[in-house]
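Below is one structure, written out as structure tokens; the observations come after it.
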Amino acid sequence: MDSVSGTAVVPGVLTATGHPLQRAGAWAVAVLARRADPEEVTAGDLGRVAAVVVEDAVRAAMAEKNTAAYDWWKVLFALYPNSKATHSKRPRDAAALREALTPLFAADAEGSSTAEWPCTFCGVRAGAVWAKSTLPMFDTNMALNTLPPNVPGWPVCRGCRIAAWSLPYGAWVTAGSVTVLGCEAAGAERAFVARNIREARRIMQLGFGARRTGARPELNAVRALRALRSDVQAAATLWTFKNDNQEPWLRVVRTRQSLAHFLAVMDSNAEPRRGWRLLELSLTRRGTDGQVVTSGPDEAARLLFEADDSHSRSFLWTLHRLLHPREDSWNVRDRAALARLALTYAEETLGMKPHLEPVATLVADWIEHGSGSPRGRLAEYRQAALNDYHLGRLLSTAQFRLTLDGRPVATGPEDWHQFIERRPRAWEHRMLLASRVVQLIQERGVKVSDAAGSIDDETERLVEQPILEPADEDLGDEMGEM
């Protein structure tokens, strides 16, 4: 699109509302029009974006099945399954379909007899009513109509109608679902949309087969948040939904407000940054042919989001399992990096203030100097590590044993509270404690196995690569274009 920066901005043409789908679409319009935000979009911009939307829809609807171009039709079908562009009885002539779609985005006629209803999304006067065939996530074919009698649809102004059909450009799309980002920081929303617009153009040209294996929307969202200032408190929400004439579903996941600060702290400190890269590498899965089938950077980013239904993996629990398949599975440097990553997340994201050293030292001293073999005592601690009652018993045993042996014990019950009380974050405290205990005995050289963790030259090279950046990602121009 040619630059339109000299065109006067007409206020009220487009507004980004609190509705997540309309808001994502409004940002898509702004990025496509090369405007700083939706409020700067002009009436002329709307016309140009609408023309692009229509042409792309016509091209997708005319494409042969099993071709790359047909994949964009699948995206449209997931959003507007009964529209003129996706219906099984749609016109098979491009000109006829273009003629049928163009009026959907035409300016409202002026006059006292039109524009009598407030827009469902933004509240301005609207001269058209839309129903489920053109509005995403509004009902399904399971219900013929949920509107009151004699009500033909929901009033929608021109700006919101174009935003509704610009939605797939600014969203993370698959052949059957759509994910949009809502964030308290507008800059993160724009960055997420800009990346997705570039991805949408790739899908239109090359199909979903050109998408990087294992790619997920969470990584795009985290990279958008990473660009914010570290002092910005901005929670992000990902809304993923499907409504392709089947039973619709919606899944919502969120980050915490302090995530941008955590990312900044991690980025600026070598040890947790190395820990994150090790996490990415550990979560990467390859097939028998050596090709990536699960992307570690994408899976790591996914851990930073928490589902509303609590059905999501815990970041700290994943790190705990990674650190404790075998206590000898990591060398001293890498164990310290992963443990520091876990501690940084707990402090910067969850707001925890764990005081690990006294109790960790007590347990490590007992493993090293108690009766029996260190390996047996480590196994005993592992069984008790995450249970408040059993951990309390073990701490009592360790304190008595060391005291009877005449060894100094620099901790007491006042240091145990955060680990053995049934209170919020006690479970996370116990996981952090376990990581520190194993780190201490490894640093001391306590022999618990004949094996020793190591890292080869190729893995070391991969560890030193930038975090949150898939190796085969083409960064390119972040801006979308028409």
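The values are calculated or read from the model by the stated rules, or taken from the named source; none is laboratory data. The structure displayed is predicted, hence computed values, not measured ones. Glycine also receives a Cβ, built like all others from the backbone with ideal geometry; neighbour counts cover every protein chain displayed. Quick note on the areas: whole protein, heavy atoms, side chains included, nothing else; ligands and nucleic acids left out. Shrake-Rupley method; radii C 1.70, N 1.55, O 1.52, S 1.80 Å.
Kindly evaluate Arg407 against the criterion of being at pLDDT 90 or above, part of a helix (DSSP H, G or I) and either under 23 Å from Thr318 (Cβ atoms) or charged (D, E, K, R) (or both).
Considered against the rule, which asks whether it is at pLDDT 90 or above, part of a helix (DSSP H, G or I) and either under 23 Å from Thr318 (Cβ atoms) or charged (D, E, K, R) (or both), Arg407 comes out as no.
A quick yes/no check of all residues on (1) open to solvent by 10 Å² or more (accessible area, probe 1.4 Å); (2) free of Cβ contacts under 8 Å to residues at least 60 places away in the same chain:
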site	(1), (2)
Arg198	yes, no
Met204	yes, no
Arg211	yes, yes
Gly214	yes, no
Leu250	yes, no
Pro272	no, no
Arg277	yes, no
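Quick check on segment 100-145: of everything there that is surrounded by 13 or more Cβ atoms within 10 Å (Cβ to Cβ) and of a type in the set (Asp, Glu), which residue is modelled with the highest pLDDT?
Restricting to residues being surrounded by 13 or more Cβ atoms within 10 Å (Cβ to Cβ) and of a type in the set (Asp, Glu), the top hit is Asp108.
Look through segment 21-40, keep the residues that are assigned to a helix (DSSP H, G or I) and among the charged types (D, E, K, R), and return whichever of them is nearest to Cys160 (Cα to Cα).
Step one: filter segment 21-40 for residues assigned to a helix (DSSP H, G or I), giving 21-32, 38-40.
Cutting the leftovers down to among the charged types (D, E, K, R) gives us 23, 39-40.
Numbers: Arg23: 9, Glu39: 12, Glu40: 14 Å.
Only one residue fits best here, namely Arg23.
Mind checking which residues of segment 155-170 are farther than 19 Å from Val75 by Cα and among the aliphatic types (A, V, I, L, M)? Break it down stepwise before answering.
Filtering segment 155-170 down to residues farther than 19 Å from Val75 by Cα leaves 155-160.
Within segment 155-170, just Val156 meets the criteria.
Residues of segment 216-227 being in contact with a Gly (Cβ under 9 Å, 6 or more places away or on another chain) and open to solvent by 30 Å² or more (accessible area, probe 1.4 Å), which ones?
Scanning segment 216-227 gives a single hit, Ala227.
Spot the failing condition for Gly351; the list is (1) of a type in the set (Gly, Ala, Ser); (2) over 30 Å from Phe262 (Cα atoms); (3) open to solvent by 20 Å² or more (accessible area, probe 1.4 Å), and only one is missed.
With (1) of a type in the set (Gly, Ala, Ser); (2) over 30 Å from Phe262 (Cα atoms); (3) open to solvent by 20 Å² or more (accessible area, probe 1.4 Å) applied to Gly351, the lone miss is (2).
So if I check each of His429, His390, which one is part of a helix (DSSP H, G or I), farther than 30 Å from Arg274 by Cβ and modelled with pLDDT of 80 or more?
His390
Taking the residues in segment 146-174 that are among the hydrophobic types (A, V, I, L, M, F, W, C) and open to solvent by 50 Å² or more (accessible area, probe 1.4 Å) as candidates, determine which candidate is modelled with the highest pLDDT. Walk me through it before giving the result.
Step one: of segment 146-174, the residues among the hydrophobic types (A, V, I, L, M, F, W, C) are 147, 151, 154, 156-157, 160, 162-165, 167, 171-173.
Filter again for open to solvent by 50 Å² or more (accessible area, probe 1.4 Å), leaving 151, 154.
Working: Val151: 69, Trp154: 87.
In this case the residue turns out to be Trp154.
For segment 20-45, which positions are open to solvent by 10 Å² or more (accessible area, probe 1.4 Å) and among the hydrophobic types (A, V, I, L, M, F, W, C)?
Scanning segment 20-45 gives Leu21, Trp27, Ala36, Ala43.
Every residue, every condition in (1) surrounded by 12 or more Cβ atoms within 10 Å (Cβ to Cβ); (2) in contact with an Asp or Glu (Cβ under 8 Å, 6 or more places away or on another chain); (3) under 13 Å from Pro354 (Cβ atoms), yes or no:
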residue	(1), (2), (3)
His390	yes, no, no
Ser396	yes, no, no
Phe419	yes, yes, yes
Trp427	yes, no, yes
Arg430	yes, yes, yes
Ile441	yes, yes, no
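So in segment 181-196, with the set limited to residues that are hydrophobic (A, V, I, L, M, F, W, C) and in contact with a Ser or Thr (Cβ under 8 Å, 6 or more places away or on another chain), which one is surrounded by the most Cβ atoms within 10 Å (Cβ to Cβ)?
Only one residue fits best here, namely Leu181.
What are the residue pairs meeting all of these: first residue in segment 28-49, first residue over 18 Å from Arg195 (Cβ atoms) and of a type in the set (Ser, Thr, Tyr), second residue assigned to a loop (DSSP other than H, G, I, E, B) and open to solvent by 10 Å² or more (accessible area, probe 1.4 Å), Cβ atoms under 6 Å, and 6 or more apart or on different chains?
Short answer, once both residue conditions are applied: Thr42/Thr7; Thr42/Val9; Thr42/Val10.
Is it the case that Leu338 is part of a helix (DSSP H, G or I) and closer than 19 Å to Ala426 by Cβ?
no
With respect to the numbered conditions (1) assigned to a helix (DSSP H, G or I); (2) open to solvent by 10 Å² or more (accessible area, probe 1.4 Å); (3) touching a residue at least 12 places away in the same chain (Cβ under 8 Å), which one is the sole condition not fulfilled by Ile367?
(2)
Is there any pair linking a residue in segment 299-310 that is closer than 14 Å to Leu263 by Cα to one that is among the β-branched types (Val, Ile, Thr) and part of a helix (DSSP H, G or I), with Cβ under 7 Å and at least six apart or on different chains, and which?
Partner pairs satisfying both residue conditions: Ala301/Val222; Leu303/Thr318; Leu304/Val222.
May I ask you to list the residues in segment 435-450 that are of a type in the set (Ser, Thr, Tyr) and either at pLDDT below 90 or part of a loop (DSSP other than H, G, I, E, B) (or both)?
Within segment 435-450, Ser449 is the sole residue that qualifies.
Where residues in segment 287-308 are in a loop (DSSP other than H, G, I, E, B) and in contact with a strand residue (DSSP E or B) (Cβ under 8 Å, 6 or more places away or on another chain), which of them is modelled with the highest pLDDT? Show your work before the answer.
Initial filter on segment 287-308 (in a loop (DSSP other than H, G, I, E, B)): 287-291, 295, 303-305, 308.
Checking which are in contact with a strand residue (DSSP E or B) (Cβ under 8 Å, 6 or more places away or on another chain) leaves us with 287, 305, 308.
On the way: Gly287: 88, Phe305: 96, Asp308: 79.
It comes out as Phe305.
Within segment 70-93, track down each residue that is closer than 19 Å to Ala171 by Cβ, in contact (Cβ under 8 Å) with a residue 40 or more places away in the chain and in a loop (DSSP other than H, G, I, E, B).
Passing the criteria: Tyr80, Pro81, Ser83.
Within segment 8-19, take every residue that is farther than 24 Å from Thr179 by Cβ and open to solvent by less than 60 Å² (accessible area, probe 1.4 Å) and give me the one that is modelled with the lowest pLDDT.
Per the criteria, the residue is Gly12.
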